[in-house]
1. Scan region 34-51 residue by residue and report those that are part of a strand (DSSP E or B) and of a type in the set (A, V, I, L, M).
2. For residue 95, which of the numbered conditions (1) at pLDDT below 95; (2) over 23 Å from the mean Cα position of the chain (by Cα) fails to hold?
3. Filter region 52-79 down to residues that are open to solvent by 40 Å² or more (accessible area, probe 1.4 Å) and part of a helix (DSSP H, G or I), then give me how many there are.
4. Is at least one residue of region 118-125 in contact with a strand residue (DSSP E or B) (Cβ under 6 Å, 6 or more places away or on another chain) and in a loop (DSSP other than H, G, I, E, B)?
5. For region 126-150, name all the residues that are hydrophobic (A, V, I, L, M, F, W, C) and either without any contact (Cβ under 8 Å) to a residue 12 or more places away in the chain or outside any loop (DSSP other than H, G, I, E, B) (or both).
6. Taking the condition open to solvent by 10 Å² or more (accessible area, probe 1.4 Å), aromatic (Phe, Trp, Tyr) and either in contact (Cβ under 8 Å) with a residue 40 or more places away in the chain or not assigned by TED's automatic domain parsing to the domain that holds residue 196 (or both), does residue 356 pass?
Amino acid sequence: MVVKTVQDEARIKEKLAYICKQFRLPGELILYRLIPNGHINTAYYVALYDGKEVRQFLVQKVNWYVFRDPVSMMHNIDLITQHIMSKERTLERRRRLHFHHTAEGNNYLILREHPDGSYYLSDTLNSNDENETAEFWRLYNFIENSVSFETAEGQTEVLRMSGKAFGKFNRQLQDFDASQLVESIPHFHDTVYRMETFFRNVAEDPLGRAKDAGREIETIRENRDFAGTLCRQIDAGELPIRVTHNDTKTNNILFDRDTLDPLVIIDLDTCMPGLACYDFGDTIRFAACTAEEDEPDESKMKLDLDLFRAYAEGYLSQMGGVLSEAERKSLATGAAVITLELASRFLGDYLIGDKYFRIDYPEHNLVRAKAQLALFRDMMLHMDDMQRIIADCRK
Ligand code: ADP
Ligand code: GN1
Ligand code: MG
């Protein structure tokens, strides 16, 4: 664990205050708090007081090791949010993400530090330079009285509402021209590519960690062909490419704290061309199960068919009339493929020294991979049940 000193805290506050000024917010920074739940970016809640009122915002440092072209990614997000807003009847502030702009008119800023510790803005960031020290920040409205879920905590209603929210999101993006988007992470759900990368990591084994995961590596090897199922269907023209979110965890939806009404979908960084079953499958992986993503006791990790049904009902209430027959069939497959894919990503990251996902302890990525593989095995045992539930949703 990294222990933060009082000086570190003062420095963070100073940096956040500088960033708020660059986004032209009036008032003084009076409060900030790290929001610890994402694995990639670093998000802070901030409150400013201008002598009359307190205003709250979300300030976020984007991880450009992961998003190599963050400027284009912010352009994607602009286009996506505009498109969604054009479909919504309400312009209520709590139901939209509003990114603030700097004096230069950018919805982001690139921050650098002088040797004396003072900050300044820069025009460019070179993500190919391993010595690059610039930081990429953005700032948007904090959605008040909202909650997001790390697990569905057995609540079928949370899953049903999540299904509705992500289904609606997919539906609203149906007529969005995908060619306008830059792939923020190339090959993101290209599982054939993911498998190649994983087995290269295994072969190179730079830290000698593969020995800790012999059984897991074998499970992934045995299922490598299955992992390519969706890619083969894309190549055969059986599944249409849509614009999808690609990271549909329930903690990427903000719900009204009192009514559980889904207010807004967040974390739009990975919005790219993709398959409907990626979005369907990733929520199933994350939330239609009996334990958290990083549960250390594998025996506790199972698919929960009641939660699966609730999500399927919610999702298909929005997308049922849109999906082709092949896409409907792919939903359950997508859950298993995405789970296997993520297991390979977590384990691959463990093998190369945890460069991608934030970890809380040294074996965290290994533990995550084991939990995902336990879930994957259970999904494969229940593939027919999942297909039956999807078929039931038509009745
Ligand atoms: P990451 O890419 O790190 O997952 P997210 O954009 O998902 O970052 O933000 C992390 C968490 O911060 C979310 O799960 C949510 O709990 C909270 N959050 C993000 N944006 C907002 C917002 N605008 N208002 C309130 N909470 C937010
Ligand atoms: C990451 O950023 P976050 O925590 O919402 C990851 C997803 C994984 C997820 C697993 C850009 O999502 O792909 O499924 O962790 N995001 C990226 O929890 O790689
Ligand atoms: Mg997130």
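1. Here is the first cut: in region 34-51, the residues part of a strand (DSSP E or B) are 34-35, 42-49.
The answer is 34, 35, 43, 46, 47, 48.
2. Failed condition: (2).
3. We begin by selecting, within region 52-79, every residue open to solvent by 40 Å² or more (accessible area, probe 1.4 Å); these are 52-56, 61, 64-65, 68-69, 71, 75, 78.
Now drop any that are not part of a helix (DSSP H, G or I), which leaves 71, 75, 78.
The total comes to 3.
4. Yes, some residue in region 118-125 is in contact with a strand residue (DSSP E or B) (Cβ under 6 Å, 6 or more places away or on another chain) and in a loop (DSSP other than H, G, I, E, B).
5. If we filter region 126-150 for residues that are hydrophobic (A, V, I, L, M, F, W, C), which is where we start, we get 134, 136-137, 139, 142-143, 147, 149.
Within region 126-150, 136, 137, 139, 147 meet the criteria.
6. On the way: open to solvent by 10 Å² or more (accessible area, probe 1.4 Å): yes; aromatic (Phe, Trp, Tyr): yes; either in contact (Cβ under 8 Å) with a residue 40 or more places away in the chain or not assigned by TED's automatic domain parsing to the domain that holds residue 196 (or both): yes.
Yes: the conditions hold for residue 356.
So that you can scan it fast, the table gives a plain yes or no per residue for (1) open to solvent by less than 40 Å² (accessible area, probe 1.4 Å); (2) away from ligand 3 (no atom under 16 Å from the Cβ); (3) at pLDDT 95 or above; (4) of a type in the set (Lys, Arg):
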site: 143; (1), (2), (3), (4): yes, no, yes, no
site: 150; (1), (2), (3), (4): no, no, no, no
site: 154; (1), (2), (3), (4): no, yes, no, no
site: 162; (1), (2), (3), (4): yes, no, yes, no
site: 166; (1), (2), (3), (4): yes, no, yes, no
site: 173; (1), (2), (3), (4): yes, yes, yes, no
site: 179; (1), (2), (3), (4): no, yes, no, no
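Per-residue answers, yes or no, for (1) acidic (Asp, Glu); (2) touching a strand residue (DSSP E or B) at 6+ places or on another chain (Cβ under 6 Å); (3) within 19 Å of residue 320 (Cα to Cα):
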site	(1), (2), (3)
132	yes, no, no
142	no, yes, no
147	no, yes, no
150	yes, no, no
161	no, yes, yes
164	no, no, yes
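The values are calculated or read from the model by the stated rules, or taken from the named source; none is laboratory data. Here the structure is a predicted model, which means the values were calculated and not measured. Backbone-built Cβ (ideal geometry, glycine too); neighbour counts: all protein chains shown. To get the accessible areas, we keep the full protein, side chains included, count just its heavy atoms, and leave off ligands, DNA and RNA. Shrake-Rupley method; radii C 1.70, N 1.55, O 1.52, S 1.80 Å.
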